[in-house]
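Structure first, then comments.
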């Protein structure tokens, strides 16, 4: 499983590629990836978001662009695809090419080839950060992406509960594998606590406590941030908006802190 045995996809206009991964579904990985990309774009960075979750693409809905299609074109004699843009973020997703209720029944090689084509044939333009929203787990799509792209690092998303941390540990171990050796930029803990609107000083740890910090310590990386459980985050995501369109200021502050830490941690300084 030596990544040097695979021909790398050259995307010279993209400076830093960061993957967002989780060991299991339902921990808010795509929400983290989408809002991290938006936060970076709001800071003035040229940002792209590649939806690599082919079996459960959610990025088009989160950005409210389900009915849009990437434009096609020809550049220097080859066919290219131009990303959809929203909130200052360039977007590519299989969700632009399938009906919302349609399921992809693909074996691993076909899925991997599709992702390769997405990265290779998209005209990304000058990009400071490309965020890649991985599917949950450690399958073919993840391995193909790691082997074919020069990654700046990975972000692991978990919730505090033990079962989520156990699965996130497997995802982190994949990146830490000596044959792959992708730097883990840090851990994001989602749904860390619930604070009632009428009692802003109270915290209720619905899913346990300390899982993200424990995982970060285990892999000798940083805890990028803890995101509270806020119903409004899910509501704005379902309606094609971002955390900057909801009223909880603490959530915005956490995401801006996370994006600042990411910028400080990447190998290519912008």
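The values are calculated or read from the model by the stated rules, or taken from the named source; none is laboratory data. Everything quoted here is computed from the prediction, not taken from an experiment. Neighbour counts run over all protein chains shown; Cβ positions are idealised from the backbone, glycine included.
Residues in the stretch 84-109 that are out of contact with any helix residue (DSSP H, G or I) (no Cβ under 7 Å at 6 or more places or on another chain), farther than 16 Å from residue 56 by Cβ and modelled with pLDDT of 80 or more: 85, 86, 90.
The residues listed here are 220, 269, 198; of these, the one that is on the phi > 0 side of the Ramachandran plot and free of Cβ contacts under 8 Å to residues at least 24 places away in the same chain is 220. The numbered conditions (1) under 24 Å from residue 156 (Cβ atoms); (2) within 18 Å of the chain's Cα centre (by Cα); (3) modelled with pLDDT of 90 or more; (4) surrounded by fewer than 18 Cβ atoms within 10 Å (Cβ to Cβ) are all true for residue 234 except (3). Considering the stretch 237-250 alone, what residues qualify as being surrounded by fewer than 20 Cβ atoms within 10 Å (Cβ to Cβ) and either out of contact with any helix residue (DSSP H, G or I) (no Cβ under 9 Å at 6 or more places or on another chain) or part of a helix (DSSP H, G or I) (or both)? Those that are surrounded by fewer than 20 Cβ atoms within 10 Å (Cβ to Cβ) and either out of contact with any helix residue (DSSP H, G or I) (no Cβ under 9 Å at 6 or more places or on another chain) or part of a helix (DSSP H, G or I) (or both): 238, 244, 245, 249, 250. For residue 110, the criteria (1) over 26 Å from residue 211 (Cα atoms); (2) buried (at least 21 other Cβ atoms within 10 Å of the Cβ) hold in every case but one, which is (2).
The single condition from (1) at pLDDT 90 or above; (2) in contact with a strand residue (DSSP E or B) (Cβ under 9 Å, 6 or more places away or on another chain); (3) closer than 30 Å to residue 173 by Cβ that residue 256 fails is (2). Evaluating residue 121 against the criteria (1) at pLDDT below 95; (2) under 22 Å from residue 11 (Cα atoms); (3) touching a strand residue (DSSP E or B) at 6+ places or on another chain (Cβ under 9 Å); (4) surrounded by 17 or more Cβ atoms within 10 Å (Cβ to Cβ) leaves one unmet condition, (4).
Residue-by-condition table, conditions (1) buried (at least 23 other Cβ atoms within 10 Å of the Cβ); (2) at pLDDT 95 or above; (3) under 22 Å from residue 14 (Cβ atoms):
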position: 136; (1), (2), (3): no, no, no
position: 142; (1), (2), (3): yes, no, yes
position: 153; (1), (2), (3): no, yes, yes
position: 161; (1), (2), (3): no, no, no
position: 178; (1), (2), (3): no, no, no
position: 182; (1), (2), (3): no, yes, yes
position: 186; (1), (2), (3): no, yes, yes
position: 189; (1), (2), (3): yes, yes, no
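The residue that is farthest from residue 132 (Cα to Cα), counting only those in the stretch 65-83 that are modelled with pLDDT of 95 or more and assigned to a loop (DSSP other than H, G, I, E, B), is 65.
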